[in-house]
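The values are calculated or read from the model by the stated rules, or taken from the named source; none is laboratory data. Predicted model only: the values in this text are computed from it and were never measured. Heads up, the Cβs are rebuilt from the backbone with ideal geometry, glycines too, and the neighbour counts pull from every protein chain shown.
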Amino acid sequence: MERIPGGEWTGIRYNYLCEEKPELLMEMRANGNLETHLEEVEDFYSERLWDLVERQMEREGVDEELKAQDPLGWVGRVNNIRAGVKEQLIAEICR
């Protein structure tokens with residue numbers, strides 16, 4: 001039985017392959033690359049998420065000064081940025 005690595009991005013990619021690209025999924029299974037592919041996806045998108053979040057925070061001025069002045073506002077802005085970036089990456093991963 002194949003081992004599906006755990007992780008947020010792995011689940012998104014695996015579900016996409018199951019639903020939209022079953023031929024590719026079967027090919028990866030047959031070649032034995034599915035587990036490696038999913039691990040690479042998890043590593044890449046986990047790192048990419050925070051890289052893009054940090055860049056967006058810089059562009060929007062969401063910094064330590066804002067965090068000190070308005071901690072709840074800072075958390076809200078970071079969460080909004082993260083959600084937007086995550087949405088962008090989900091669209092990217094499902095191609």
Filter the range 66-88 for residues that are of a type in the set (A, V, I, L, M, F, W, C) and in contact (Cβ under 8 Å) with a residue 12 or more places away in the chain; which is nearest to Asp51 (Cα to Cα)? Val85
Subset of the range 26-46 (residues that are hydrophobic (A, V, I, L, M, F, W, C) and under 14 Å from Ile93 (Cβ atoms)): Leu38, Val41, Phe44
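Quick check: anything in the range 51-66 of a type in the set (Val, Ile, Thr), in a helix (DSSP H, G or I) and modelled with pLDDT of 95 or more? Step through it out loud before you land on a result.
Taking the range 51-66 and keeping what is of a type in the set (Val, Ile, Thr), we get 53, 62.
Still in the list and also in a helix (DSSP H, G or I): 53.
From the residues that got through so far, the ones that are modelled with pLDDT of 95 or more too are 53.
Yes, some residue in the range 51-66 is of a type in the set (Val, Ile, Thr), in a helix (DSSP H, G or I) and modelled with pLDDT of 95 or more.
Taking Leu72, is it on the phi < 0 side of the Ramachandran plot and surrounded by 11 or more Cβ atoms within 10 Å (Cβ to Cβ)?
When the stated conditions are applied, Leu72 does not pass them.
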Looking only at the range 11-45, and only at residues there that are without any contact (Cβ under 8 Å) to a residue 60 or more places away in the chain and hydroxyl-bearing (Ser, Thr, Tyr), the one that is surrounded by the fewest Cβ atoms within 10 Å (Cβ to Cβ): Thr36
Would you mind finding the one in Gly11, Gly6 that is modelled with pLDDT under 95, within 20 Å of the chain's Cα centre (by Cα), over 15 Å from Glu92 (Cβ atoms) and in a helix (DSSP H, G or I)? Gly11
So, Val62, is that one surrounded by 13 or more Cβ atoms within 10 Å (Cβ to Cβ) and without any contact (Cβ under 8 Å) to a residue 40 or more places away in the chain or not? yes
Identify the single condition in (1) closer than 29 Å to Glu19 by Cα; (2) in contact (Cβ under 8 Å) with a residue 24 or more places away in the chain; (3) over 13 Å from the mean Cα position of the chain (by Cα) that Arg48 does not satisfy, given that it satisfies every other one. (3)
